[in-house]
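Student: Got a structure here, written out as structure tokens. Questions coming.
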Amino acid sequence: MDAHIHGSAERGERSQPASQLPTIVLATRDRRQRLLTTLARLEGLPERPHVVVVDNASKDGTAAAIAERFPGVEVIPSSRDIGSAARTLGVEAAHTPLVAFSDDDSWWAPGALRRAAATFRAHPRLGLIAARILVEPDGRLDPTCEAMRESPLDSETPLPGPPVLGFLACGAVARRSAVLACGGFHTRYGFGGEEQLLAVDMAAAGWGLAYVDEVVAHHEPEPGPRSWRGKHELRNRLWSTWLRRPFPRAVRQTAALTLDGDGHGVAALIAALQGLPWVLRERHVIPGNVERSLRLLETSPRAR
């Protein structure tokens, strides 16, 4: 990039009013110390973003600790654990056109939120940015980001990076209005693959979703496996398939997902079948262009 143009862009980013910067939204439950460490990192960002924390019925004094250590952080208490739908409460509470999703173990790189805001201004049909996520402590690129970087999808709408039909909620920036118009994160999904349905619904509504390498987030998950996650993620993928895919494709995908479920297939299918009544009530099929994109991704081993 030309040095003069680059310098002008940087000056434009620095001059952005706070109202144009994303509000950071994150949900947490009983992870007080991890959250406080993350909030300290977010407070140190030069952008000084507003932060909304939705406390999913924590019993470890999370809300009181935030009030004491970070009085500028807005806390929304939930009387019960509503999983990833807590993020939707945070989006509703935000007063900015953009929201940046973090987890209680992820944070944004300095300058990332300003770059994201500038990118949204330049692309009016952009609904969501999937950030480049660096997994700490060694700073390696998240494998999902590697796949999104090589997305095989095309877009009729000009986008700032490869088109995608998924994202990781530990590092994504979105238009608040688009998220809310598409219903936010489904109240029944909990955590584990909860992003896919929202991504598909945003694309079906005509919004572009793009992986943008220049917008950077960091993620430091706790070491060790999460035994519940595989089953929950596969159950949610089955629900998303039944909710949005044409019936013949849904049948084929159900068989494929169940057989290739890394040992969770049968348990996930049983769990998903328990939700069949509400799935049938809420089911509506996505437009043909989005369905074709999903099929292309399903035949591409590197894409998400």
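Student: Please compute the length gained on full extension between L36 and R295, using 0.36 nm multiplied by the number of residues separating them and subtracting their Cα-Cα distance.
Tutor: 89.1 nm
Student: Sticking with this one: For a quick check: with amide H placed at 1.01 Å from N, whose amide H comes under 5 Å from V25's, ignoring anything fewer than 5 positions away on the same chain?
Tutor: Distant-sequence amide H within range of V25: V52, A100, F101, S102.
Student: With n ≥ 4 as the cut-off for DSSP H runs, can you work out [θ] at 222 nm for the chain, using -39500 (n - 2.57) per run divided by the number of residues, rounded to the nearest 500? Present the calculation step by step, with values, prior to reporting the outcome.
Tutor: Numbers: 13 runs with 130 residues, N = 304.
Here the helix-only value at 222 nm equals -12500 deg cm²/dmol.
Student: What is the packing order of peptides 64-77, 179-192, taking the mean over residues of other C-beta atoms within 10 Å and listing the highest first?
Tutor: 179-192, 64-77
Student: Also, I was wondering about something else. Quick one: work out the % antiparallel among DSSP beta bridges in the chain, nearest 5. Write down the numbers at each step before the final one.
Tutor: Values: 13 of 35 bridges.
Of the beta bridges lying entirely in the chain, close to 35 percent run antiparallel.
Student: Test of understanding: ordering E214, E156 by Cβ neighbours within 10 Å, fewest first, what list do you get? All intermediate terms of the calculation are to be shown ahead of the outcome.
Tutor: Values: E214 16, E156 9.
Result, fewest neighbours first: E156, E214.
Student: For the chain, with a Gaussian network of springs between Cα atoms less than 10 Å apart, report the residue from L26, L273, L165 with the top mean-square fluctuation.
Tutor: Of the options given, L273 has the highest mean-square fluctuation.
Student: Volume per residue, Å³, of the convex hull around the alpha-carbon atoms of segment 200-304?
Tutor: 139 Å³
Student: Under a 10 Å cutoff between Cα atoms, tell me which one of P158, P246, P223 has the largest fluctuation in the Gaussian network model of the chain.
Tutor: Answer for the Gaussian network model of the chain: P223.
Student: A follow-up question, please. Rounded to whole Hz and in sequence order, give me ³J(HN,Hα) for segment 92-98 from the Karplus expression 6.51 cos²θ - 1.76 cosθ + 1.60, θ = phi - 60°, writing x for Gly and Pro.
Tutor: 4, 7, 5, 10, 10, x, 10
Student: Step by step: find N for the chain, compute 2.2 N^0.38 Å, then divide the Cα radius of gyration by it. What's the final number?
Tutor: That ratio works out to 0.98.
Student: Let me know the Kirkwood hydrodynamic radius for segment 229-283, please, with Cα pairs as the basis and the value in Å to one decimal. Intermediate values should be presented prior to the final figure.
Tutor: Values: mean 1/r = 0.0920 Å⁻¹.
Kirkwood hydrodynamic radius for segment 229-283: 10.9 Å.
Student: Follow-up question, since we're still on this one. Could you run the Karplus curve 6.51 cos²θ - 1.76 cosθ + 1.60 with θ = phi - 60° over segment 130-145 and give me ³J(HN,Hα) per residue in whole Hz, x for Gly and Pro?
Tutor: Per-residue couplings from phi come out as 8, 7, 6, 9, 9, 8, 8, x, 9, x, 7, 6, 4, x, 5, 5 Hz.
Student: Regarding segment 79-172, what is the average projected area of its C-alpha convex hull, in nm²? Before the final figure, lay out the partial values.
Tutor: Working: hull surface 29.7 nm².
The orientation-averaged projected area of the Cα hull of segment 79-172 comes to 7.4 nm².
Student: Shifting gears a bit: Does segment 88-247 come out rounded, prolate or oblate by the C-alpha gyration tensor, with a ≥ b ≥ c the root eigenvalues, rounded set by a/c under 1.5 and, if not, prolate when a/b is larger than b/c and oblate if not?
Tutor: It is rounded, given that a/c, with a ≥ b ≥ c, falls under 1.5.
Readers should treat all values here as calculations from the given coordinates under stated rules, not as data from a laboratory. Because the structure is predicted, anything quoted here is derived from the model rather than measured. Every residue, glycine among them, receives a Cβ derived from its backbone with ideal geometry; neighbour counts consider all protein chains shown.
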